[in-house]
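**Student:** I'd like to ask some things about the structure below.
The values are calculated or read from the model by the stated rules, or taken from the named source; none is laboratory data. Values in this document were obtained by computation on a predicted structure and should not be read as measured data. Counting neighbours? That spans all protein chains shown, and the Cβs are built from the backbone with ideal geometry, glycine included.
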Amino acid sequence: MPNLNLSLATCDYDHVRDLMSGVVRAEGIDITPMIFDEPHYIFHRATNFGDFDVSEMSFGRYVSLVSRRKNEMTAIPIFPSRMARQSAFFVPKGSRVKKPEDLKGATVGIPEWTQTATIYARGWLQNTVGVDLRSIKWLQTGVDMPGRPEPQPPKLPKGVKVKAVTDKSLSDLLLDGSVDAVLSALPPKPVRDGDPRVSRLIKNSTKVEVDYYKDTGIFPIMHVIVIKNSVLEAHPWVAANLYSAFDEAKNRGVERALKGSHAIYPIPWGVDAAREAQNLFGDDIWPYGIEPNRATLEAFVHFSHQQGVAYRKLKPEDLFAKQTLEVIKT
């Protein structure tokens, strides 16, 4: 029998590269790779048009769809993008907000209420720092361009209000002083440009993020890999075979990062950074599967329901293809 041909859309991650290039092969599957610079472009096309058989997907968007039983795709516990998000708060010069606790009663701009990064950051703000999200005036617009729509409709908790802004971007709001802070996965353009009028709220954010992981075991998962339900219904074996191939590609990428004989990445002391991560996370610095990530997954479904992104309470097992709930070890 010929192999099953599946389109696969992701960003250009080193830990996915060997699968996309064909160095690693998923048993019984021929991949048609589609590599994009912008993940939101993938999310939009996958959610609204079903353009890909397999694709990268916003974790927040996916959880929202699952909670409403509107997902036309099912995830496997492969996590191409992970980033801690205490570093995602930005303030204008002269803001009254000097520390996270000062966000109580503040005006804060966000690109989306359902953006994965903001869900994690608000979860930390509410559950660890102790800031009531109802006390904040939330303004929603695009990071650098005004008018960004909310991709999934949140069921906002009672007392939480989010106002859409159509004529200004988050960058504009930062510079003209209309907000006390901005919370965004993508730093606004003035921050990226090094404009002295804006800065990160938490200056020692890396230490705060590492300490948060040490205290909670939470290392935020931004994106998951999803497979069309129609593919899984016809070929249920695809989930486990793709999981194994993604895992092998990731292991090869981690091995490259730790090798140390020559500079694989254009990052000075990059090998030292990878080894420091290994000291923190253990041998597998980028684990896939449910069990190694249970603390993160349980926190995210809790934050999502708490913030109205998820319409109902979910468990990690509700999110992933049944063939990948347990990983067989040899």
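**Student:** Of (1) buried (at least 19 other Cβ atoms within 10 Å of the Cβ); (2) out of contact with any Ser or Thr (no Cβ under 8 Å at 6 or more places or on another chain), E56 satisfies all except one. Which?
**Tutor:** Tallying (1) buried (at least 19 other Cβ atoms within 10 Å of the Cβ); (2) out of contact with any Ser or Thr (no Cβ under 8 Å at 6 or more places or on another chain), E56 fails exactly one: (2).
**Student:** May I pose another question? How many residues are within 19 Å of the chain's Cα centre (by Cα) and either surrounded by fewer than 22 Cβ atoms within 10 Å (Cβ to Cβ) or of a type in the set (G, A, S) (or both) if we restrict to the stretch 90-110?
**Tutor:** 1
**Student:** Hey, another quick one. Here is a list of conditions, (1) in the same structural domain as K70 (by TED's automatic domain parsing); (2) surrounded by fewer than 17 Cβ atoms within 10 Å (Cβ to Cβ); (3) not acidic (D, E), and V231 meets all of them except one; can you say which number that is?
**Tutor:** The one condition V231 does not meet is (2).
**Student:** Please enumerate the residues belonging to the stretch 111-132 that are surrounded by fewer than 20 Cβ atoms within 10 Å (Cβ to Cβ) and among the aliphatic types (A, V, I, L, M).
**Tutor:** V129
**Student:** Please name all residue pairs, on different chains or six or more residues apart, with Cβ atoms under 9 Å, provided the first residue is in the stretch 138-149 and is within 16 Å of V108 (Cα to Cα) and the second residue is aromatic (F, W, Y) and modelled with pLDDT of 95 or more.
**Tutor:** W138/W113; Q140/W113
**Student:** Restricting to the stretch 75-84, name every residue that is part of a strand (DSSP E or B) and touching a Ser or Thr at 6+ places or on another chain (Cβ under 6 Å).
**Tutor:** Across the stretch 75-84, the qualifying residue is only I76.
**Student:** P196 passes all but one of (1) part of a helix (DSSP H, G or I); (2) modelled with pLDDT of 95 or more; which number fails?
**Tutor:** That leaves (1) as the condition not met.
**Student:** Same structure again: Can you pull out the helices (runs of 4 or more DSSP H) entirely within the stretch 216-330 that have at least 3 residues that are of a type in the set (S, T, N, Q)?
**Tutor:** Where helices (runs of 4 or more DSSP H) fall fully within the stretch 216-330 and carry at least 3 residues being of a type in the set (S, T, N, Q), they are 238-259, 294-306.
**Student:** Here's another thing I want to ask about it. Is it the case that the stretch 96-103 has a residue that's assigned to a helix (DSSP H, G or I) and out of contact with any helix residue (DSSP H, G or I) (no Cβ under 7 Å at 6 or more places or on another chain)? Explain how you work it out, then say what you get.
**Tutor:** Pass one, the stretch 96-103, residues assigned to a helix (DSSP H, G or I): 100-103.
Next, from what is left, pick out any that are out of contact with any helix residue (DSSP H, G or I) (no Cβ under 7 Å at 6 or more places or on another chain): 102.
Yes: the stretch 96-103 contains one or more residues that are assigned to a helix (DSSP H, G or I) and out of contact with any helix residue (DSSP H, G or I) (no Cβ under 7 Å at 6 or more places or on another chain).
**Student:** Mind checking which pairs have a first residue in the stretch 44-70 that is more than 22 Å from Y311 (Cα to Cα) and a second that is in a loop (DSSP other than H, G, I, E, B), Cβ under 6 Å, 6 or more apart or different chains?
**Tutor:** R45/D51; E56/P80
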